[in-house]
1. Given the conditions (1) assigned to a loop (DSSP other than H, G, I, E, B); (2) in contact (Cβ under 8 Å) with a residue 40 or more places away in the chain, and given that Asp43 satisfies all but one, which numbered condition is not satisfied?
2. State whether one or more residues within segment 3-18 are more than 27 Å from Trp132 (Cα to Cα), among the charged types (D, E, K, R) and touching a Phe, Trp or Tyr at 6+ places or on another chain (Cβ under 7 Å).
3. Select from segment 24-44 the residues that are over 21 Å from Val126 (Cα atoms) and touching a strand residue (DSSP E or B) at 6+ places or on another chain (Cβ under 9 Å) and write down the one among them that is surrounded by the fewest Cβ atoms within 10 Å (Cβ to Cβ).
4. Does segment 7-14 contain any residue that is open to solvent by less than 30 Å² (accessible area, probe 1.4 Å) and in contact with a strand residue (DSSP E or B) (Cβ under 9 Å, 6 or more places away or on another chain)?
5. Does any residue in segment 110-124 that is under 19 Å from Tyr68 (Cβ atoms) come within less than 9 Å, Cβ to Cβ, of a residue that is modelled with pLDDT under 85 and open to solvent by 80 Å² or more (accessible area, probe 1.4 Å) six or more places away or on a different chain, and which pairs are these?
6. Just to be sure before I move on: is Leu59 among the hydrophobic types (A, V, I, L, M, F, W, C), over 22 Å from Val126 (Cβ atoms) and touching a residue at least 12 places away in the same chain (Cβ under 8 Å) in the structure I sent?
Amino acid sequence: LAKANYNVGIGHTFGFLKKDPLGDEVTFAYTYENAGSGFWHSDLATDTESVGIMKNFALPPGQRVTGYTWIQIGLTSFTGGPQVQNRFYDGESVGAIVHLTGKTSIWMQETYNKIPSVPWYTTSSVGYTWSW
């Protein structure tokens, strides 16, 4: 079923990493995911704090649409039980960005998520970005 999941992140592109095959943008993100029966919130929720590296690349023929890969690691906290359970998090994403203006864009991504002791799963996301 559809769920309301939330993500907020910040990243910075470093010029000296432009030739790095893994990425040139270092990111920090917080994600809240609802895994239970409710749309907004349930007892089966997780909070994830992660650090990652993102690689942006142009998609022909113009600069209006770009693609990216994003590798993240972090800590996921399962908050639905009698006590919080912390687990290592590994997320690997591929996505596309539609640049609306020089400072705004809409992005779409698919993420492969792996947490030890939990079967892997994928998430599809759509979001809005404002850059300053």
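The values are calculated or read from the model by the stated rules, or taken from the named source; none is laboratory data. Every value quoted in this text rests on a predicted model; they were computed, and no experiment measured them. So basically every Cβ, Gly included, is an ideal-geometry build from the backbone, and we count neighbours across all protein chains shown. To get the accessible areas, we keep the full protein, side chains included, count just its heavy atoms, and leave off ligands, DNA and RNA. Shrake-Rupley method; radii C 1.70, N 1.55, O 1.52, S 1.80 Å.
1. The one condition Asp43 does not meet is (2).
2. yes
3. Per the stated criteria, the residue is Ser42.
4. Looking for residues that are open to solvent by less than 30 Å² (accessible area, probe 1.4 Å) and in contact with a strand residue (DSSP E or B) (Cβ under 9 Å, 6 or more places away or on another chain), one finds none in segment 7-14, hence no.
5. Partner pairs satisfying both residue conditions: none exist.
6. Taking the combined requirement at face value, the residue does not satisfy it.
To keep it simple, each residue is scored yes or no on (1) open to solvent by 70 Å² or more (accessible area, probe 1.4 Å); (2) closer than 29 Å to Lys18 by Cβ; (3) modelled with pLDDT of 90 or more.
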{"position": "Thr46", "(1), (2), (3)": "no, no, no"}
{"position": "Pro61", "(1), (2), (3)": "yes, yes, no"}
{"position": "Leu75", "(1), (2), (3)": "yes, no, yes"}
{"position": "Gln85", "(1), (2), (3)": "yes, no, no"}
{"position": "Phe88", "(1), (2), (3)": "yes, no, yes"}
{"position": "Ile97", "(1), (2), (3)": "no, yes, yes"}
{"position": "Ile106", "(1), (2), (3)": "no, yes, yes"}
{"position": "Ile115", "(1), (2), (3)": "no, no, no"}
{"position": "Tyr121", "(1), (2), (3)": "no, no, no"}
